[in-house]
1. As a footprinting exposure proxy, order 10, 130 by other Cβ within 10 Å, with the fewest listed first.
2. What is the helix-to-structure angle for 159-179, meaning the angle in degrees between its Cα long axis and the longest Cα principal axis of the chain, kept from 0 to 90 and rounded to the nearest 10?
3. In degrees, nearest 10, range 0 to 90: what is the angle between the Cα axis of helix 66-129 and the longest Cα principal axis of the chain?
4. Rounded to the nearest 500, what is the chain's calculated 222 nm mean residue ellipticity when only DSSP H runs of at least 4 contribute -39500 (n - 2.57) each, over all residues?
5. What's the exposure ranking of 14, 123, going from fewest to most Cβ atoms within 10 Å?
6. Select from 53, 11, 42 the residue whose mean-square fluctuation is largest in a Gaussian network model of the chain (Cα-Cα springs shorter than 10 Å).
7. Can you tell me the mean projection area, over all orientations, of the convex hull of the chain's alpha carbons? Units nm², please.
8. Could you give the angle, 0 to 90 degrees to the nearest 10, between helix 39-55's Cα long axis and the longest principal axis of the Cα atoms of the chain?
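What follows is calculated from the coordinates using simple rules that are stated; it is not laboratory data. For clarity, every value in this text was computed on a predicted model and none was experimentally measured. Glycine gets a Cβ as well: all are built from the backbone with ideal geometry, and neighbour counts include every protein chain shown.
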């Protein structure tokens, strides 16, 4: 591009710039396509190159080759696009890692909840198998949250009887849970 064409464009002659775009656009598109390997991104870089060239046209020296100047402009836009791609891949990988961790944590939490629910169901089954007096004692202590002393007063028995009976019932429940066998029958 000669100095006269440059001055026409700087004076606002868009037709003159259109001629320049048509003359060099194939070369810049080929350059961008070789570097990016993606037609759509190459076309975007070409458009941005000509916009940037128009904005910076005052900096172009007539003794330079305009096509080379455009390719250098495109080069920096391409480098920017490639860095953007690398960031997107990095962010996607990080997001994938975080998502996989959250999924694994949620699955583990579900397993823990399922395990706890299974153990609770098994315990409830073992309590249901106890004689009514033993089951009632367990319910008073652990569901009703009564102290051993309160149970002893309510049942009109000694504190020693309550604590020793609870100890035997807990042992029977432990055995039932471990073996899933019939608990010992206590009165």
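1. Details: 10 14, 130 22.
Ascending Cβ contact count within 10 Å gives the list 10, 130.
2. It works out to around 50 degrees.
3. 10
4. Working: 7 runs with 148 residues, N = 187.
Taking each H run of at least 4 residues, the total per residue is -27500 deg cm²/dmol.
5. On the way: 14 11, 123 16.
The most exposed by this proxy come first: 14, 123.
6. Of 53, 11, 42, the Gaussian network model singles out 11 as fluctuating most.
7. Working: hull surface 83.8 nm².
Averaged projected hull area, Cα only: 20.9 nm².
8. The angle comes out at about 50 degrees.
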